[in-house]
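What follows is one structure encoded as structure tokens, with my remarks underneath.
The values are calculated or read from the model by the stated rules, or taken from the named source; none is laboratory data. Just so you know, these numbers come straight off a predicted model, no measurement behind them. Methodologically, a virtual Cβ is constructed for each residue, glycine included, from the backbone with ideal geometry; neighbour enumeration extends over all protein chains shown. Heavy atoms of the whole protein, side chains included, go into the accessibility calculation; ligands, DNA and RNA do not. Shrake-Rupley method; radii C 1.70, N 1.55, O 1.52, S 1.80 Å.
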Amino acid sequence: MKKMLFCIGLVLMSVTLFVSCGSTSNISTTRVDSNTVVDLTGFWNETDVTTVSNSCIQAVMVSPRISAFYEKNGRLPVFTLGKIANESDEHIDTSIVANKLRNAIINSGRADFVANIAEKGAIRDEREDQSIWGNVDQAKSLANEDAADFMVQGSIRTIIQKNGGKSVRQYYVDIELVDIETGRIIFSHEDSSIKKLVSQSTIKW
């Protein structure tokens with residue numbers, strides 16, 4: 001009897017190992033056009049980034065403050081990137097929004113940009129290295145950086161309503177231009193155009 005139970009146990013173990021080792025997950029990948037809207041979860045996605053970035057860029061570009069600065073100083077204003085804070089309830093890589101804003105403003109020709117604090121460290125190290133080891137005629141001067149006039153900063157927030165299996169997610173994106181010398185906010189723009197109704201059904205087995 002004991003031998004029979006032992007044999008049955010071995011058979012069951014063998015079957016279990018065979019099934020577990022033989023099972024696989026089928027993964028299917030379909031490439032889609034980069035402009036195709038794909039919203040699988042209802043959370044922040046690449047389409048939302050593009051929407052709010054375009055809105056903020058257009059607002060900055062038509063701001064009379066930019067034109068007034070040029071008329072007063074005879075040169076383009078110089079911007080630097082501050083922090084775009086994620087104050088929402090989900091993970092959002094705000095650096096994507098910040099970089100889109102920077103690239104579009106630079107390419108518009110309406111303002112210049114200098115490196116932000118995080119980026120300047122590596123640049124300063126390179127200049128110091130050049131001052132010691134670089135060709136005298138080619139080494140870049142120390143303490144000769146262009147100073148920024150304004151800092152671009154902002155935040156992303158969410159308001160959420162839930163009822164049963166449905167929820168409404170609305171995003172608020174604020175962008176500001178701050179005068180670095182005076183601390184005055186000379187421009188402010190809010191985009192609240194992204195609002196999503198998300199429905200979730202429960203599957204009963």
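Here are the numbers for this structure:
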{"quantity": "Looking only at the stretch 160-195, and only at residues there that are over 28 Å from MET61 (Cα atoms) and touching a Lys or Arg at 6+ places or on another chain (Cβ under 8 Å), the one that is most open to solvent (accessible area, probe 1.4 Å)", "calculated": "ILE160"}
{"quantity": "Breaking point among (1) open to solvent by less than 40 Å² (accessible area, probe 1.4 Å); (2) free of Cβ contacts under 8 Å to residues at least 12 places away in the same chain; (3) more than 17 Å from the chain's Cα centre (by Cα), for ASN45", "calculated": "(3)"}
{"quantity": "From the options ALA139, ALA143, ALA118, ALA122, residue that is open to solvent by less than 40 Å² (accessible area, probe 1.4 Å), of a type outside the set (Ser, Thr, Tyr) and either free of Cβ contacts under 8 Å to residues at least 60 places away in the same chain or under 23 Å from VAL97 (Cβ atoms) (or both)", "calculated": "ALA139"}
{"quantity": "Selection from the stretch 123-165 of residues that are over 22 Å from the mean Cα position of the chain (by Cα), small (Gly, Ala, Ser) and not in a loop (DSSP other than H, G, I, E, B)", "calculated": "SER131"}
{"quantity": "Residue identified as in a helix (DSSP H, G or I) and of a type in the set (A, V, I, L, M) among ILE27, ILE66", "calculated": "ILE66"}
{"quantity": "Residue identified as outside any helix (DSSP H, G or I), of a type outside the set (Phe, Trp, Tyr) and surrounded by 12 or more Cβ atoms within 10 Å (Cβ to Cβ) among LEU101, LEU81", "calculated": "LEU81"}
{"quantity": "Cβ pairs under 6 Å, 6+ apart, first in the stretch 79-100 and within 24 Å of GLN161 (Cβ to Cβ), second open to solvent by 70 Å² or more (accessible area, probe 1.4 Å)", "calculated": "GLU87/ARG157; SER88/ARG157; GLU90/PHE43"}
